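Colleague: Pasting a structure below so you can have a look.
The values are calculated or read from the model by the stated rules, or taken from the named source; none is laboratory data. Note that the coordinates shown come from a computational prediction; the quantities given were computed from them, not determined experimentally. Because the Cβ atoms are built from the backbone with ideal geometry, glycine has one as well, and the counts that use them run over all protein chains shown. Areas reflect the complete protein model, heavy atoms only, side chains present, ligands, DNA and RNA absent. Shrake-Rupley method; radii C 1.70, N 1.55, O 1.52, S 1.80 Å.
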There are 2 protein chains.
Amino acid sequence: MNHTIEMSDETLKNSIYSLCTVPNGRAHGGSFAHRGELRQAKRIVVKLGSAVVTRGDECGLALGRLASIVEQVAMLQNQGREMMIVTSGAVAFGKQRLRHEILLSQSVRQALHSGQNQLKDMSLPVLEARACAAAGQSGLMALYEAMFTQYSTCTAQVLVTNLDFHDDQKRQNLNSTLQELLRMNIVPIINTNDAVVPPPEPNSDLQGVNVISIKDNDSLAARLAVEMKADLLIALSDVEGLYNSPPGTDDAKLIDIFYPGDQQSITYGTKSRVGIGGMEAKVKAALWALQGGTSVVIANGTHPKVTGHVITDIVEGKKVGTFFSEIKPAGPTVEQQTEMARNSGRTLASLHPDQRSEIICQLAELLTEKKEEILAANKMDMDLAVSAGHLPPAMLKRLSLSPAKLNSLAIGLRQIAVASQDSVGRVLRRTRVAHNLELEQITVPIGVLLVIFEARPDCLPQVSALAIASGNALLLKGGKEAANTNRVLHQLTQEALSMHGVREAVQLVSTREEVEDLCRLDKMIDLIIPRGSSQLVRDIQRAAKGIPVLGHSEGICHVYVDADASVDKVIKIVRDSKCDYPAACNAMETLLIHRDILRTPLFDQIIDMLRTERVKIHAGPRFASYLTFSPSEAKSLRTEYGDLECCMEVVDSMQDAVDHIHKYGSSHTDVIITENEDTAEQFLQQLDSACVFWNTSSRFADGYRFGLGAEVGISTARIHARGPVGLEGLLTTKWVLRGDGHTAADFSEHGTMKYLHENLPVGQPLAGRRDSN
Amino acid sequence: MNHTIEMSDETLKNSIYSLCTVPNGRAHGGSFAHRGELRQAKRIVVKLGSAVVTRGDECGLALGRLASIVEQVAMLQNQGREMMIVTSGAVAFGKQRLRHEILLSQSVRQALHSGQNQLKDMSLPVLEARACAAAGQSGLMALYEAMFTQYSTCTAQVLVTNLDFHDDQKRQNLNSTLQELLRMNIVPIINTNDAVVPPPEPNSDLQGVNVISIKDNDSLAARLAVEMKADLLIALSDVEGLYNSPPGTDDAKLIDIFYPGDQQSITYGTKSRVGIGGMEAKVKAALWALQGGTSVVIANGTHPKVTGHVITDIVEGKKVGTFFSEIKPAGPTVEQQTEMARNSGRTLASLHPDQRSEIICQLAELLTEKKEEILAANKMDMDLAVSAGHLPPAMLKRLSLSPAKLNSLAIGLRQIAVASQDSVGRVLRRTRVAHNLELEQITVPIGVLLVIFEARPDCLPQVSALAIASGNALLLKGGKEAANTNRVLHQLTQEALSMHGVREAVQLVSTREEVEDLCRLDKMIDLIIPRGSSQLVRDIQRAAKGIPVLGHSEGICHVYVDADASVDKVIKIVRDSKCDYPAACNAMETLLIHRDILRTPLFDQIIDMLRTERVKIHAGPRFASYLTFSPSEAKSLRTEYGDLECCMEVVDSMQDAVDHIHKYGSSHTDVIITENEDTAEQFLQQLDSACVFWNTSSRFADGYRFGLGAEVGISTARIHARGPVGLEGLLTTKWVLRGDGHTAADFSEHGTMKYLHENLPVGQPLAGRRDSN
């Protein structure tokens, strides 16, 4: 094998990285319209503020952080992108180095003079910035090079000064040098030549649009990004992004997307709060770059938990820091939608129950009235799905609406309208605390719900009706497949809501929003309800840090066949539990049989039935040991097959069955089949699951079948709602206390009052309450 | 300044690091008894498996991970510890390097022959391990050196072979070289000289105790740690630690602490599951080191989220990986305690209500009967606290028990005993779903509670009684200050519990356990209730990923004085709300006054009263703008002062007050003072807080004052319990369905049954239910 030195790096790059999708950059020039487009960024400038490069913990340097940034840049480079780094930190880097040298020599002096450890008293001399820069530059570059080498990525050092940008010829030279480096798949690492140039004066204004001067690395990076026609500039420092007010003040909110026109809405803090350069300077540099056609994201590169993927997250379009965009989208942001929903939701909650009921009935009307419109939109979704061809038939079936489906939907809505009469404001408890001091506990809405549903558009009016009935504000996030249908259904919902002035209480979130980003709105959303596959539920439970999630991640349901079971019931119930709808969460996954049933006719009948129904059996270890020729052994007794498969295991007794279920179950729904009432009651009492059934199919674990009306889901949590959840699960309570100048001191040892704590009937009407005392 | 080369590194180290506490290592030789002692480890060997050094993501190398490991080692070294690294990875490192070289030359050949990109078809040749080792060694060492240099830490490369340990003279040479390096504050980086020695045969057994052969880096590290009398060996690879069964199987549990005698209880998986060397070899090496007097922790060094602090966490005694200890503690582990509590708790829940009530009464008895014993233990705690002298007087007061306190405690317990009669098993809803198919929703305990309380030992019997009354298992974690009192009180609780065979349902967790570690038992604990300062609550809410926490982190309560307020009530209520107990969460933090009240006699009276009570006023921005001489402006309208301080702000109307509270409040407790009933009812209706009061002090937001009996805390969550929480908050529900062979299919379109969904009265007795149909 010969290494040919003349071989260009370009060829090598193309051959080695041909497996990766090379992004195509901005097709038509100009900045990207939204974060999702950032995946297309080909040429990217990453600007590392000095805090990112040098601010460490006890050790002074954040080597791990820098290494993971290098890792990300190398990875993006290896995807075929053209990465450039603008780095600060030489000054701080040199400071660290010089300080160590000084300490060393001081300690030597000290050791010679006293032999005592008096380091605390030693004062460090003031270090001159340019000396530090000179001392730091080589070390910083060596570090970058050593790190990039590990990824087989070449780097080149480029030091620039003001003059390089002011002089046209020099600028062109710089430009062609950088172009050539990029062409050769080399990552240029750019810094100001601080050793020969005075250190930047922080915070002086940037000048004009075309003659931005290099006062700090923010403006240098912006200048460079525009000069090099970069698609994206990622500016990392130690701030999260741009806030509407100085961070730490009461109303400060991180801005997700900033538009040039929004500049008036920002209050900048004093410079000291956001470090050298100040946020205002950063924003000006960003806007300058944006105007030059480069998209910009300002983000925090020092946060230990996210630094390892901050750059790749930004390039993947995730909501990190502040994205600068020239194109303002027509609609409100999801934060604004949540705010609108909460405000309108409060009005909704204060309506008379009849009014909420009217809204729901009106929505039911509209479903019939605007049938054509809905079905036309649904046809568009169906056509798209069919032509795309990636939806499985079951999903297509769920996506499609029909006049019959709309009809039964309307009927269901009218039932919810009836149920809604008695939901909000119901008095649960009344207590006369003392003379003229009366306490009530009443039901109130939870607040703002986020419901995430997959390809089933009929979810939308159903969930909306439940939210309206319970006085909750609602954010809806539907599947992309049903986008057109959902839009029409949401318009109708808002039309119904507007009859009582609460149009904005139900919001449809753009399909472009990532579920993960929605889950981060933890101060704005009170409860998340995922409606869909158990995978969806699991994903959301993982993502929703801090927001409660109502749902069940697993449904490992058991049917236990007792020694005293009736043959007919066993066959009926086991068949229904497993085969009625095997993918449902309340389908049986494990069949437990009492030891005495083995080798009886009943046992044979069970096996025959499962065989006829084409249910694949996996044997538990004990069951397998009883058989001469055992079916495949179950990999785990904790499996949710969700298909025509189940595990079979043998137990010694009802008690043994309970122990097995406690050990391997998911506390969803578990069934006993027996004719012995004592055994049954023992099982029902001892078993710690959300639903415990005797002689019925596990498939009854369902809000509608339970008679709760509509269902928002099934919960396996132990807190709040458990099992199938109806309207009740969307309510919480508040305590209302009405007094007459009562104070806690009145009831103290020396006070004049005594607690009565009389329970009052909850049915008593509110009016005239006071007079009755 | 002169650099004196003869200056020893030892002196330099002592002078530079004198600020750090230098750990003293093992005082008496032998391994450490528990994780907490690991902080004392002076000499530490960190072994990095090849997975840690070389397993990366897309780029092949995990540079960021390695850098953060270097960062931690350097930090520990700078604390005055003596760190050694045993590193694998040269082979893999070299593989990576050689592969790149080969690709390069292949692509050159390809370019010469075709000019096409056909990289996919190129097969990589098999690389010889020893060649890889030779190619990798220099790069690996250069990388370590470059990284450690950033922390001003010197490294030295030490390559060893089998012979170095077998030959006594060579072993002594190696020993004295390493000792000298450590003395000079240099981090030795040790690897097997793989280029000259055959690559290790994986999985062959280690031999004997004293002649352990170097087959892999695990045994090398163990050998070295013992030879160098290291205090601690940290072995990092890509497994979490030692499991009792192969990871991934149903019952696999990570072992927190492993004792040599436990070896029989472990089932090892096939070697392929845990990588080269296998877990069995790792354990043998660890036990060998342990026998030689070195403590060992096996942990995962590849987990992206924890690698950045895995080594420092281990040295800080946190529960990471598996800790090998020779000394088996007398009591059960906290995991075993939780398991015991859950099992015993299930029996507790199935007792008759009278039996639970009896247990609580018995505990009340014991508090009086064993008074002397309790007070003696309490005196020990008090004496210790007084002599330590760091507890503030308020804390001391809470710590101390008296006969009177015990008496009222006993009275409270008897009240709980009464309330317990109607808690578990109460029927909340009964529905006749269909003929012979009846559904009940009944109350059941939540499961296992973890209650964390600070210096108040009277919490223990109170919380225990609440848990017993609600049939819950309980883990108690009390403050260190009350350790003696808590122990006695817990013994009495168990004594009472044992009268019905549920002694283990209430467990006292050792004070040594970290709250953070308890919060990680998310599969075993169902609800955490922190009782103590709001700081404690916040800390636990942060730590408890996945387990619900019942509590309130903030109490920013408002009192709004309406234009129509009565003077007397205003003065009484504002004084009580702020001054009765300013540190309480239900104390007023912000006083909102209607604009019309400004400059009225009422306003002057309020100000006078606050002045008399020495309440410091902070002005809100609007309030400040109305005054000529304003008090200091409030830094934030969202402050919980918790002291004789409050914020005052002006609002235009009741509606404005509601908006202010929604914006800045914490939804805890908010009060309106007005004589206008309409205004009051509007306020009570609109305000979205857990407690909304009219003409009474905010201090009534309390379980006892509400008449709930004892209180487990106040919740500001919207899910589950809200406001003051009594027994109800410790209950959840389950659904019991009793049928007669019913299946879902019976109710389908072609089925024979129809849903009835009749609500039945909940009071109807259970017995004879079936016959009545």
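Colleague: For the stretch A:622-660, name all the residues that are of a type outside the set (A, V, I, L, M), more than 14 Å from every other protein chain (Cβ to nearest Cβ) and surrounded by 21 or more Cβ atoms within 10 Å (Cβ to Cβ). Don't jump to the end; show me each part of the working.
Modeller: First, the residues of the stretch A:622-660 that are of a type outside the set (A, V, I, L, M): A:622-623, A:625-626, A:628-633, A:635-636, A:638-643, A:645-647, A:649, A:652-653, A:655-656, A:659-660.
Subset that is more than 14 Å from every other protein chain (Cβ to nearest Cβ): A:623, A:625-626, A:628-632, A:641-643, A:645-646, A:652-653, A:656.
Residues satisfying the conditions are A:Phe623, A:Cys646.
Colleague: Any idea which residue in the stretch B:489-501 is nearest to the chain's Cα centre (by Cα), counting only those that are under 22 Å from B:Val712 (Cα atoms) and of a type outside the set (S, T, N, Q)?
Modeller: B:His490
Colleague: Tell me, which residue of the stretch A:46-89 that is within 18 Å of A:Ser138 (Cα to Cα), open to solvent by 10 Å² or more (accessible area, probe 1.4 Å) and assigned to a helix (DSSP H, G or I) is modelled with the lowest pLDDT?
Modeller: Only one residue fits best here, namely A:Thr54.
Colleague: Right, something else. Is it true that some residue in the stretch B:146-163 is part of a helix (DSSP H, G or I), at pLDDT below 75 and open to solvent by 20 Å² or more (accessible area, probe 1.4 Å)?
Modeller: Within the stretch B:146-163, one or more residues are part of a helix (DSSP H, G or I), at pLDDT below 75 and open to solvent by 20 Å² or more (accessible area, probe 1.4 Å).
Yes or no, residue by residue, for (1) open to solvent by less than 10 Å² (accessible area, probe 1.4 Å); (2) over 26 Å from A:Arg426 (Cα atoms); (3) outside the structural domain of A:Gly345 (by the TED database):
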residue	(1), (2), (3)
A:Tyr664	no, yes, yes
A:Asp670	yes, yes, yes
A:Asn676	no, yes, yes
A:Ala701	yes, yes, yes
A:Leu708	no, no, yes
A:Val725	yes, no, yes
A:Thr733	no, no, yes
A:Thr752	no, yes, yes
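Colleague: Residues in the stretch A:429-439: is at least one surrounded by fewer than 16 Cβ atoms within 10 Å (Cβ to Cβ) and either under 18 Å from B:Leu684 (Cβ atoms) or among the aliphatic types (A, V, I, L, M) (or both)?
Modeller: The initial filter retains those residues of the stretch A:429-439 that are surrounded by fewer than 16 Cβ atoms within 10 Å (Cβ to Cβ), namely A:435.
Those left that are additionally either under 18 Å from B:Leu684 (Cβ atoms) or among the aliphatic types (A, V, I, L, M) (or both): none.
The answer is no; no qualifying residue exists.
Colleague: Can you tell me which residue is least open to solvent (accessible area, probe 1.4 Å) among those in the stretch A:217-240 that are in a loop (DSSP other than H, G, I, E, B) and modelled with pLDDT under 90? Before you say what the answer is, go through the steps one by one.
Modeller: Within the stretch A:217-240, the first condition is being in a loop (DSSP other than H, G, I, E, B), and the residues that meet it are A:228-231, A:238-240.
Imposing the further condition that a residue be modelled with pLDDT under 90 reduces the set to A:238-240.
Numbers: A:Asp238: 54, A:Val239: 18, A:Glu240: 71 Å².
Looking at the filtered set, the residue picked out is A:Val239.
Colleague: A further question on this structure: Take the stretch B:290-308 and flag every residue that is within 14 Å of chain A (Cβ to nearest Cβ), open to solvent by 10 Å² or more (accessible area, probe 1.4 Å) and touching a helix residue (DSSP H, G or I) at 6+ places or on another chain (Cβ under 7 Å).
Modeller: The first filter runs over the stretch B:290-308 and keeps only residues within 14 Å of chain A (Cβ to nearest Cβ), leaving B:301-308.
Then drop every residue that is not open to solvent by 10 Å² or more (accessible area, probe 1.4 Å), which leaves B:302-306, B:308.
Those that are within 14 Å of chain A (Cβ to nearest Cβ), open to solvent by 10 Å² or more (accessible area, probe 1.4 Å) and touching a helix residue (DSSP H, G or I) at 6+ places or on another chain (Cβ under 7 Å): B:Thr302, B:Pro304, B:Gly308.
Colleague: Which one of B:Ser498, B:Ser533 is at negative phi, without any contact (Cβ under 8 Å) to a residue 12 or more places away in the chain, hydroxyl-bearing (Ser, Thr, Tyr) and out of contact with any Ser or Thr (no Cβ under 7 Å at 6 or more places or on another chain)?
Modeller: Numbers: B:Ser533 fails: without any contact (Cβ under 8 Å) to a residue 12 or more places away in the chain.
Answer to the check: B:Ser498.
Colleague: Hey, another quick one. With respect to A:Val297, is the statement that it is of a type in the set (Val, Ile, Thr) and touching a Ser or Thr at 6+ places or on another chain (Cβ under 8 Å) true? Give the steps one after another, and end with the answer.
Modeller: Details: of a type in the set (Val, Ile, Thr): yes; touching a Ser or Thr at 6+ places or on another chain (Cβ under 8 Å): yes.
Judged against the criteria, A:Val297 is a match.
Colleague: If I go through the stretch B:590-613 residue by residue, how many of them are under 19 Å from B:Glu640 (Cβ atoms) and within 14 Å of chain A (Cβ to nearest Cβ)? Steps first, answer last, please.
Modeller: Kept after step one, since they are under 19 Å from B:Glu640 (Cβ atoms), are these residues of the stretch B:590-613: B:590-592, B:610, B:613.
Add one more test, that the residue is within 14 Å of chain A (Cβ to nearest Cβ), and what stays is B:590, B:613.
Qualifying residue count, the stretch B:590-613: 2.
Colleague: Take the stretch A:678-693 and flag every residue that is more than 23 Å from B:Lys523 (Cβ to Cβ) and either open to solvent by 10 Å² or more (accessible area, probe 1.4 Å) or more than 9 Å from chain B (Cβ to nearest Cβ) (or both).
Modeller: Answer for the stretch A:678-693, where residues must be more than 23 Å from B:Lys523 (Cβ to Cβ) and either open to solvent by 10 Å² or more (accessible area, probe 1.4 Å) or more than 9 Å from chain B (Cβ to nearest Cβ) (or both): A:Asp678, A:Thr679, A:Glu681, A:Gln682, A:Phe683, A:Gln685.
Colleague: Could you run through the stretch A:581-621 and say how many residues are open to solvent by 30 Å² or more (accessible area, probe 1.4 Å) and in contact with a Gly (Cβ under 9 Å, 6 or more places away or on another chain)?
Modeller: Residues meeting the conditions: 1.
Colleague: Being out of contact with any Lys or Arg (no Cβ under 8 Å at 6 or more places or on another chain), within 21 Å of B:Val736 (Cβ to Cβ) and not in a helix (DSSP H, G or I) narrows it down to one residue among A:Ile719, A:Ile661; which is it? Please lay out each step first, then the result.
Modeller: Details: A:Ile661 fails: not in a helix (DSSP H, G or I).
After ruling out the rest, the residue left standing is A:Ile719.
Colleague: Is there a residue in the stretch A:515-527 that is in contact with a Leu (Cβ under 6 Å, 6 or more places away or on another chain) and either at pLDDT 90 or above or closer than 30 Å to A:Asp422 by Cβ (or both)?
Modeller: Yes, the stretch A:515-527 has at least one match.
Colleague: Here's another thing I want to ask about it. Criterion first (at pLDDT below 80, in contact with a strand residue (DSSP E or B) (Cβ under 7 Å, 6 or more places away or on another chain) and of a type in the set (A, V, I, L, M)) does A:Ile214 satisfy it? Steps first, answer last, please.
Modeller: On the way: at pLDDT below 80: yes; in contact with a strand residue (DSSP E or B) (Cβ under 7 Å, 6 or more places away or on another chain): yes; of a type in the set (A, V, I, L, M): yes.
Here the answer is yes, as A:Ile214 does meet what is asked.
Colleague: Now for a different question. Can you give me the number of residues within the stretch B:696-753 that are of a type in the set (Ser, Thr, Tyr), at the interface with another protein chain (Cβ under 9 Å from one of its Cβ atoms) and free of Cβ contacts under 8 Å to residues at least 40 places away in the same chain?
Modeller: Qualifying residue count, the stretch B:696-753: 3.
Colleague: Within the group B:Val515, B:Val574, B:Val570, which residue is away from chain A (no Cβ under 14 Å) and of a type in the set (A, V, I, L, M)? Walk me through how you get there before you give the answer.
Modeller: Numbers: B:Val574 fails: away from chain A (no Cβ under 14 Å); B:Val570 fails: away from chain A (no Cβ under 14 Å).
Answer to the selection: B:Val515.
Colleague: So, one more: Working carefully through the options A:Glu438, A:Glu365, A:Glu369, find the one that is among the acidic types (Asp, Glu) and closer than 30 Å to B:Trp694 by Cα. Walk me through it before giving the result.
Modeller: Working: A:Glu365 fails: closer than 30 Å to B:Trp694 by Cα; A:Glu369 fails: closer than 30 Å to B:Trp694 by Cα.
Going through A:Glu438, A:Glu365, A:Glu369 in turn, the sole match is A:Glu438.
Colleague: In the list A:Lys616, A:Lys663, which residue meets the criterion of being facing another protein chain (nearest Cβ under 10 Å) and free of Cβ contacts under 8 Å to residues at least 40 places away in the same chain?
Modeller: Values: A:Lys616 fails: facing another protein chain (nearest Cβ under 10 Å).
A:Lys663 is the lone residue from the list that is facing another protein chain (nearest Cβ under 10 Å) and free of Cβ contacts under 8 Å to residues at least 40 places away in the same chain.
Colleague: Mind listing whichever residues of the stretch B:334-391 are hydroxyl-bearing (Ser, Thr, Tyr) and surrounded by fewer than 16 Cβ atoms within 10 Å (Cβ to Cβ)? Spell out how you get there, then give the answer.
Modeller: Of all residues in the stretch B:334-391, those hydroxyl-bearing (Ser, Thr, Tyr) come to B:338, B:344, B:347, B:350, B:357, B:368, B:387.
B:Ser350, B:Thr368, B:Ser387, listed by residue number.
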